[in-house]
C-alpha cells in the first residue's frame, strides 16, 4: 500500500546513509569517509541555522535605539507589551497574517480541486494544464508581479489587501495543486470504487475515503502556501498599493534601523512554523500506523 | 426495506428476501434467475470492449467467468452493479434485468443497485482505517448509527467471512496490518455488512497464495446458500472447484484491410461447469479448458 511505503520512507530517512552507518557500527573505528560526511552534514545544518539563531538571540537583546546590531544585554521585555510599540509594524504583521491565512485557504480549496482533476482524469489539454502548474512555480516572481500589476491597473482594481490576497492565491495555488496531484497519482482507484459499491454517493466517497487519503498532500500544500505567502516580498510590493505587510515594513524600516520587535516577530513566526511542521510530522506518523 | 426509504429514490428493486423465504420449499432444480443480460455490448469511448453478451445468472449459484485477458469478463461483471457508470467514457447497449427489473432503468438509482449488489476487488483494498471501521463503513453510510447495532453487524459479517476469530481481539487495529488473505476476507466482510443479495468477485484470489485462496474458496461455498456469487477468475482449477456454472469469454479479432484490426470480447459458451469442462461444444472453449491456448 502507498501509505506503508510512505511511512517506511519517513522512517528510513531519519538515519541518512543507513548502510554506511551500519558498517560504521560494526567496525570499531569509523571510516574516514563517514567522518567527512558527518562533518559536512553538520556544516550545512549550521550554515542553514546560524542566521535564524542570530535572529532569535537578538530578539532577547536590549539595545538603546532602533539599531539592534550589537549585543547590549539580555531582556524579555520585547516579548511583553513592548512588542506593540510600533503601531505600523503591528498593522503590517496583522496584514501579513490575514493575507497568509486567506491565501492558504483559497489556494488549498482551488489547488486541491486542480490537483484532483490533474491526477484522476485523462482529458484533452491535460499535458498543457500540467505544464502550466510547473510554469507558474518556476516563473520568476518579478514576471508574475509586473504582469499582475499591469492586469490590476488595466482593470482599474484599487490596490490593497484584496489584490495582495488574489495575487498570493495565484502563486500558492500551483504548489498545492502539484503536491495534491502527486498524492492522487498514488491513490488506489479501487478504494473509491469500494466506497461507491457500499452505497456511498460521490460526496460521501470524497469526504470519507478520498480526502483522508490525499490529506497528507493537502496539508503539505497548505504549509507550503502559508510559508510562501507570509514572507513574499516581490509580488506583494507590486500589488500592495499603500498597504504594508511584514516583509514590506522591514524593507522600508532598514534605513532607520530594525528594532528588536522585528526579531521577536520573526522568532514567533519561526517557532510557529516549527510547531506546525512537528505537529504534521507527528500526525503523519500516527496516520500511517 | 429501510435502506430504500432512506435513499429517497423510488428504486423499485425487488426484494430478494421474499424470494429467499420460499426457496427452501422449491425443488433444487427450480432455478431463480437473478440477472438476465440481453445482447449487452459495452464501449469505452469508441472501443468496443465486449459485444453481444447474453446470459442468465441464477440464485444461490456460483457463476464463474473465465477467459483470457481482454475478453471482457471483468467489464461484464462491472456492468452488473453499474460500476462502469463511474467511468465517464463507458456506455452500454442492450439490457440487464435484475430479478425482472431493468438494472439501467431511468428510475433505478445506481447507489441502490450497488448496495444490493456488492463487489470484491482484485487486490485486497481495505480502507486505511481500523478493522472495525472497515466493516462498519457500509452500514454507517446507509444510516445505521447505533453502536450496539453496528457491533452486531461487524461481528456477524466477520463471522461470515471467517475472520472473526483471527481479529476479534484487535478490531481497533488498522486493516492495513492484515495479511493479504485476511485483508481480502476483511473486504468480503465489508461487502457482506451491507447485506447484499449478490456478491461480484473480480479475481479475488489473484493476489493471494494457495492457502489463502483455499480459505476464500471455502468461504464462498459457505455463503453460497445466502448469496448469489459471480466470480471472474483466471484460474480454471478455481472455476472447477467453486462454480456451478461457467461462462467462457474470448477475444474476437476483426482483421481489417487497413491494417488496424479491432478486437472485442465475446461470450463463447455458457453452461454448467461440468459441461463446459468435460463436454465443451465450441472448439475455442475446448482449446482453452484443455490448456491449448490462453
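Rule-based calculations on the coordinates, nothing more; no lab input. On a predicted model such as this, the values are computed, not experimentally measured, just so you know. We place every Cβ from the backbone using ideal geometry, glycine too, and count neighbours over all the protein chains shown.
Potential lengthening of the chain between residue B:91 and residue B:172 amounts to 25.1 nm, from the contour at 0.36 nm per residue minus the alpha-carbon distance.
Secondary-structure-derived ellipticity at 222 nm for chain A, considering helices only, amounts to -24000 deg cm²/dmol, per-run term -39500 (n - 2.57) for DSSP H runs with n ≥ 4.
Distances between every pair of Cα atoms in chain A, grouped in 10 Å steps from 0 to the bin holding the largest one, split as 6, 20, 25, 24, 17, 7, 1, 0 percent. I need the calculated FRET efficiency for the pair residue A:98 and residue B:122, taking r as the beta carbon distance and R₀ as 51 Å, to the nearest 0.05. The computed FRET efficiency comes out at 0.55.
With the simple spin-label model, which puts each label point 7 Å out from Cα in the Cβ direction, the residue B:47 to residue A:31 separation comes to 4.9 nm. Cβ-Cβ distance of residue A:54 and residue B:275, R₀ of 60 Å, FRET efficiency by 1/(1 + (r/R0)^6): the value works out to about 0.10. Peptide B:118-128 shows a mean partner chain C-beta count of 5 within 10 Å per residue C-beta. Here the extension length gained between residue A:72 and residue A:131 equals 16.0 nm, from 0.36 nm per residue of separation less the Cα-Cα distance. Dividing the convex hull volume of the alpha carbon atoms of the range B:129-276 by its residue count gives 153 Å³ per residue.
Among A:218, A:153, A:235, which one moves the most in a GNM of chain A with springs linking Cα atoms closer than 10 Å? Evaluated over chain A, the most mobile residue of the options is A:153. The protein assembly as shown: D in µm²/s via Stokes-Einstein (Kirkwood Rh, Cα pairs, 37 °C, 0.692 mPa s)? Estimated via Stokes-Einstein, D reaches 114 µm²/s.
Using a Gaussian network model on chain B with a 10 Å cutoff between Cα atoms, which of B:216, B:141, B:188 fluctuates the most? Looking only at B:216, B:141, B:188, the largest GNM fluctuation is found for B:141.
Report, as a whole number in µm² per second, the diffusion coefficient that Stokes-Einstein gives for the range A:121-176 at 25 °C and 0.890 mPa s using the Kirkwood radius over alpha carbon pairs.
The Stokes-Einstein estimate is 195 µm²/s.
Please grab the % of Cα pairs in the range B:52-132 that end up more than 15 Å from each other. Within the range B:52-132, distances greater than 15 Å cover 66 percent of Cα pairs. The value obtained for chain B, namely the Cα convex hull volume divided by the number of residues, is 146 Å³ per residue. Potential lengthening of the chain between residue A:256 and residue A:47 amounts to 72.4 nm, from the contour at 0.36 nm per residue minus the alpha-carbon distance.
Just checking the listed ones, B:245, B:115, B:253: in the Gaussian network model of chain B with Cα springs under 10 Å, the one fluctuating most is B:253. For the range A:210-271, what class follows from the C-alpha gyration tensor (a ≥ b ≥ c being the square roots of its eigenvalues): rounded when a/c is under 1.5, otherwise prolate if a/b is larger than b/c, else oblate? Because a/c hits 1.5 or more and a/b fails to exceed b/c, the range A:210-271 counts as oblate. Mind giving me the FRET efficiency for residue B:255 and residue A:215? R0 is 45 Å, r the Cβ-Cβ distance, nearest 0.05 is fine. Working from the Cβ atoms, E equals 0.35. Mean silhouette area of the range A:86-258, derived from the convex hull of its C-alpha atoms and averaged over all directions, reads 12.0 nm².
Counting only DSSP beta bridges whose two residues both lie in chain B, roughly 60 percent are antiparallel.
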